[in-house]
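Nothing in this text is a laboratory measurement; each read-out follows from the coordinates by a stated rule. None of the values given here were measured: they were computed from a predicted structure. Here the Cβ is made from the backbone with ideal geometry for all residues, glycine too, and neighbour counts use every protein chain on show.
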Amino acid sequence: MKYTRSLFILLLGSLCFWISQMKIRIPLLTTVIYKNPKFTIFEMKNPLLTGIFIAASAGLFEEGFRFLFRKFLLKNSYKIVEAVVFGLGHSLMEILYLFYVIGFYTALFSISIWGILERILATFLHIELSILLWLGFLKNKKYRILILAILLHSSIDSIIPLARYFRRNIWEVEFLFFVIVLWIGTLLIKYHKREESL
C-alpha cells in the first residue's frame, strides 16, 4: 500500500471519529439529553440504564459512520491492511479528543498504567471492528456485519456502567476488556483463514 494511500485512509479514520462523535453524537447528547430536566431525573434514578443507553449510542454512531465511510469513501478498498489503518486513525483521534477533554498537561502527567492499557486495548478494538466491517463488504454480508459491529461495540462500552453499578475493580474491567479483544481478534483470524481456504 502506497504511503499517500495509507495517510489518506488514516485521515479518513480520524475524520470518522471526529464527525460521528465530536460533531454529532456528543453535541446531540449534550443539547437534547443532558440539558433536559426530565432526563437528568431519569439519570439519577436509573444510572445503569442511562450508562447502557450512552454506550449504545456510541456503538450506533461510531459503527454507523465507519460503515458509511467504507461504503461511500472507500468503496474500492479491498485490503484488510487498509481496515487496520482506518481503525488506527479512528483510535488516534479518540486519544486526541480525550487529551483535549482532560487537558493535555493533566492527561500527560496523571495517566496511569490502567489508562495506557485501556487505550492500547481500545486501539486494537477499533482496528478489529474496522476489519469486521471490511470483511462484511468483502463477503457480501455488510448489513448483517454492521448490526453485529454495533452490538459488539455497544456491549463492550456497557462494561463501564455495569462495572460501576456492581462496584467492580478496574483490573477486573481491564481483564475482561482484554479477554474480549483477544476473543474478537482470534475469531477474525479464524474466519478470514476459513474464507480464504474455500
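Summary table
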quantity	calculated
Local net charge near Arg5, Cβ-Cβ under 13 Å (Lys/Arg +1, Asp/Glu -1)	+1
Residues Lys141, Lys38, sorted so that the one with the fewest Cβ neighbours within 10 Å comes first	Lys38, Lys141
Cα-derived Rg to Rh of the range 146-198, Kirkwood definition	1.13
For the range 3-197: span of alpha carbons on each principal axis (Å, largest first)	52, 36, 32
Entries of Lys142/Lys190; Lys71/Lys139; Lys23/Lys141; Lys75/Lys139 with Cα pairs more than 23 Å apart	Lys23/Lys141
Inter-label distance, nm, simple model (7 Å from Cα along the C-beta direction), Val101/Phe175	2.7 nm
Residues of the range 59-81 with amide N under 15 Å of the 7 Å Cα→Cβ point at Phe8	70-79
Listed residue (Ile150, Val173, Leu48) projecting farthest to the positive dipole end of the chain, Cβ model	Ile150
Using a Förster distance of 41 Å, the FRET efficiency for Tyr143-Met44 (Cβ separation, nearest 0.05)	0.65
Residues Trp183, Trp18, Trp134, sorted so that the one with the fewest Cβ neighbours within 10 Å comes first	Trp183, Trp18, Trp134
Rg [Å, one decimal], Dmax [Å, integer] - the range 1-86, C-alpha atoms	16.8, 53
Local electrostatic count, Ile159, Cβ distance below 13 Å [Lys/Arg +1, Asp/Glu -1]	-2
Per-residue Cβ neighbour rank within 10 angstrom, fewest leading, Met22, Met44, Met93	Met44, Met22, Met93
